[in-house]
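Take a look at the structure set out below.
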């Protein structure tokens, strides 16, 4: 079974899962709730806040979902069925990461687009200018979610219990993803530095996951 077929199989399962459906509905709904709760943003479009918020919440939930899925499949000996076939172990992890990341990116973009439209129609911002200004926020959001998802893969491979896995997601993966925006918040870095840092961290986490998974007894 090729990586493409594994990816499509994982995607088919994840996009219909209850957690992902909740994200696709919940993240845009959260953007709407922000407008009901926040009355003064100091002239800053709420869509910019939404981009950072959805990346944090969406990243944590999808990371936890990856951990739960990997641990459940290990407990049910699902991988034993895959490994008796000519399937590379790394493809199992890459397919899972790619499917979950794509799903959460779609959910985040829906929320960000909705918030941009609300900014345009309710606060008088120009819709095209608002969407254009969101470019940096979207890149940061995508970078943070990439780290969260790749961290979820590593934690799922390493953790021996569901409780340990979830705790590591909450107190490890979530904090790690915030490293992306630190240089920008501190005023010591540029956006391209944050994106490169995210790519390096995500790639490192995935590589570590693959190396451990290749040697791990399932």
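The values are calculated or read from the model by the stated rules, or taken from the named source; none is laboratory data. Everything numeric here is computed off the predicted structure, so don't read it as measured data. Don't worry about glycine lacking a Cβ; one is built from the backbone with ideal geometry, like all the others, and counts go over all protein chains shown.
Side notes on the structure shown:
- Residue 173 being surrounded by fewer than 18 Cβ atoms within 10 Å (Cβ to Cβ), modelled with pLDDT under 80, within 27 Å of residue 49 (Cβ to Cβ) and in contact with a helix residue (DSSP H, G or I) (Cβ under 6 Å, 6 or more places away or on another chain): no
Conditions (1) surrounded by fewer than 17 Cβ atoms within 10 Å (Cβ to Cβ); (2) in contact with a helix residue (DSSP H, G or I) (Cβ under 8 Å, 6 or more places away or on another chain); (3) modelled with pLDDT under 80, marked per residue:
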| position | (1), (2), (3) |
| --- | --- |
| 107 | no, yes, no |
| 111 | no, yes, no |
| 118 | no, yes, yes |
| 122 | yes, yes, yes |
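- Residue within the range 67-85 that is crowded, with 23+ Cβ neighbours inside 10 Å and modelled with pLDDT of 80 or more present: yes
- Flag for residue 131 being over 25 Å from residue 76 (Cα atoms), modelled with pLDDT of 85 or more and in contact with a helix residue (DSSP H, G or I) (Cβ under 9 Å, 6 or more places away or on another chain): no
- Apart from one condition, residue 59 fits all of (1) over 15 Å from the mean Cα position of the chain (by Cα); (2) at pLDDT below 85; the exception is (1).
- Enumeration of residues in the range 21-38 that are at pLDDT below 75, loosely packed, with under 12 Cβ neighbours inside 10 Å and either touching a strand residue (DSSP E or B) at 6+ places or on another chain (Cβ under 7 Å) or in a helix (DSSP H, G or I) (or both): 36, 37
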